[in-house]
Amino acid sequence: MKLSQLLTAPNQLTLLRMMFVPFIVINLVAGHPRWALVLFVLAGFSDGLDGLLARTLKQQTVLGQYLDPIADKLLMTTAFIILTMPNVMQPARHLPVPFWVTAAVIGRDVLIITVAGAINIITGFRGFKPSWWGKASTFVQVVAVGLILLSPVVGYSFYLPTVYTLVALFAVVSGIHYIFHVARLMRDEEAQREEANP
């Protein structure tokens with residue numbers, strides 16, 4: 001890996017997003033949901049900004065392709081685990097986050113990693129790309145965590161059951177869809193090889 005890849009503005013923003021994670025956790029555990037919300041919003045903003053900068057400045061790198069999803073998973077997984085723990089958020093209706101929601105989020109990621117790892121070991125295929133459903137699921141999770149953190153700040157939590165259902169639904173559907181998505185990617189790569197070597 002070249003140092004120049006690490007020093008690009010998009011990758012620096014991605015690293016900054018990863019650095020937000022422990023401070024979000026510290027503020028939640030310390031009972032400061034407002035600060036946790038502010039930091040989470042900044043982290044989410046940086047997620048959109050790093051991709052925009054990479055395209056605008058033509059600084060898309062191989063490192064960035066790996067760092068960005070890692071940062072997303074680190075932020076989301078940590079957030080859902082902490083928000084599922086009792087006595088982290090101040091007592092309110094529909095809090096903490098139900099275990100089944102966090103299990104769906106983490107289970108999806110475990111499924112994708114397991115499938116991708118097994119396929120890579122067996123076939124050597126490496127052309128894994130995110131699916132539209134996967135991107136939609138990540139977006140729903142980001143919005144959901146923001147709304148969960150907002151709940152104790154505004155004093156309303158009536159909308160949380162709907163949020164939880166949407167998070168779990170998108171996680172399950174995107175996880176199943178990814179299996180078919182990878183199968184299509186493999187077929188496309190095989191077709192390209194056949195065209196190149198008739």
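The values are calculated or read from the model by the stated rules, or taken from the named source; none is laboratory data. None of the values given here were measured: they were computed from a predicted structure. Cβ: placed from backbone, ideal geometry, glycine included. Neighbour counts: every protein chain shown.
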Inset, instruction - Scan region 93-126 for residues that are touching a residue at least 12 places away in the same chain (Cβ under 8 Å), outside any helix (DSSP H, G or I) and more than 24 Å from Ala144 (Cβ to Cβ) and report the count. - result: 1
Legend entry - Selection status of Gly44, assigned to a helix (DSSP H, G or I), modelled with pLDDT of 75 or more, small (Gly, Ala, Ser) and surrounded by fewer than 16 Cβ atoms within 10 Å (Cβ to Cβ): no
Inset, instruction - Among what's in region 129-176 and is closer than 18 Å to His32 by Cα and touching a Lys or Arg at 6+ places or on another chain (Cβ under 8 Å), pick the residue that is surrounded by the most Cβ atoms within 10 Å (Cβ to Cβ). - result: Ser157
Inset, instruction - Can you work out which of the residues in region 127-162 that are among the polar types (S, T, N, Q) and touching a residue at least 12 places away in the same chain (Cβ under 8 Å) is nearest to Phe80 (Cα to Cα)? - result: Gln141
Inset, instruction - Kindly indicate which of Gln90, Gln65 is assigned to a loop (DSSP other than H, G, I, E, B) and at negative phi. - result: Gln90
